[in-house]
Amino acid sequence: MKLLEDRIKRDGTVLPGDVLKVDNFLNHQVDPQLMYEMGGEFKRLFENEGVTRILTVESSGIAPALMAGLKMNVPVVFARKHRSLTLTDNLYTARVYSYTKQVNNDISIDKRFIDPDDKILIIDDFLANGQAVEGMLEICKAAQVDVVGVGVVIEKRFQKGHQLVLDAGIHLEALASIASLANNQVTFASDTDK
Ligand code: 5GP
């Protein structure tokens with residue numbers, strides 16, 4: 001998605017450890033207009049999958065997932081990282097190692113917000129080593145629901161998550177695909193494909 005690639009080129013900075021910092025439009029400050037455009041792109045990419053519900057994980061997945069849900073007219077549920085008093089025991093839970101924070105989080109979804117007939121689209125901000133997506137897949141497996149796609153805003157294709165999702169036979173789409181962050185430079189897969 002050109003709009004997103006241009007924004008990454010303009011505002012993204014590369015941090016040590018192959019981390020791309022995009023906190024002025026995605027991970028801290030959020031650009032609603034860009035999120036809205038991305039929602040439309042997710043709709044276009046997954047139009048034929050019969051999606052009934054979108055699943056994401058708090059907090060940075062919520063903005064793009066919400067806009068995709070708006071465009072696709074389906075509910076959005078986000079897995080929570082912290083147990084809340086209002087979350088009861090009726091939960092699906094998975095353990096996820098956070099790439100950027102280097103801690104384990106237990107993510108949970110109330111069983112009421114996932115239905116056996118659902119066709120789930122998983123959306124997240126980044127796909128790196130695939131731990132967050134794996135956790136959501138684990139929850140979907142426990143709930144015995146179909147996952148019809150994984151959509152991420154930015155994938156770092158050189159890390160493990162990309163292949164992991166493909167190996168699971170799941171339709172994967174990334175709005176921006178990064179081939180390398182070597183030498184503090186963002187190289188998009190679309191540039192290397194040329
Ligand atoms: P994974 O579980 O695929 O290894 O990592 C996914 C999660 O880690 C994303 O939800 C995102 O919050 C965070 N993450 C991974 N790589 C990056 C990165 O390069 N930049 C930022 N800002 N977050 C990242």
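In this model, which of Lys81/Lys156; Lys111/Lys156; Lys9/Lys71 are farther than 29 Å apart at the alpha-carbon? Pairs exceeding the cut-off: Lys111/Lys156. Ranked by the mean number of other Cβ atoms within 10 Å of their residues, highest first, the peptides 95-107, 67-79 fall in the order 67-79, 95-107.
Taking Cα centre as origin and charging only the Cβ of basic (Lys, Arg, +1) and acidic (Asp, Glu, -1) residues, the dipole magnitude of the chain rounds to 300 debye.
The stretch between Ser59 and Lys81, if pulled fully straight at 0.36 nm per residue, gains 7.0 nm over its current Cα-Cα span.
Selection among Leu164, Ala182, Thr192 by position relative to the dipole of the range 50-194 gives Ala182 as farthest towards the positive end (Cβ unit charges, Cα centre). To the nearest ten degrees, helix 62-72 and the longest principal axis of the Cα atoms of the chain are 80 degrees apart.
Note on the range 38-194: dipole from Cβ charges, positive end direction compared against Ile107, Pro75, Leu45; the farthest Cα belongs to Ile107.
Counted by Cβ distance under 14 Å from Lys9, the other residues give a net charge of 0, where Lys and Arg count +1 and Asp and Glu count -1. Rounded to the nearest 0.05, the FRET efficiency derived from the C-beta distance between Phe113 and Leu15 at R0 = 30 Å is 0.30.
Here the chain has an Rg and Dmax of 15.9, 52 Å, counting Cα atoms alone. Axis of helix 131-142 versus longest Cα principal axis of the chain: the two differ by about 20°, to the nearest ten degrees.
Only the coordinates and a few stated rules stand behind these numbers; no lab work does. These numbers were taken from a predicted model, which means no experiment stands behind them. Note that we place each Cβ from the backbone using ideal geometry, even for glycine, and neighbour counts take in every protein chain shown.
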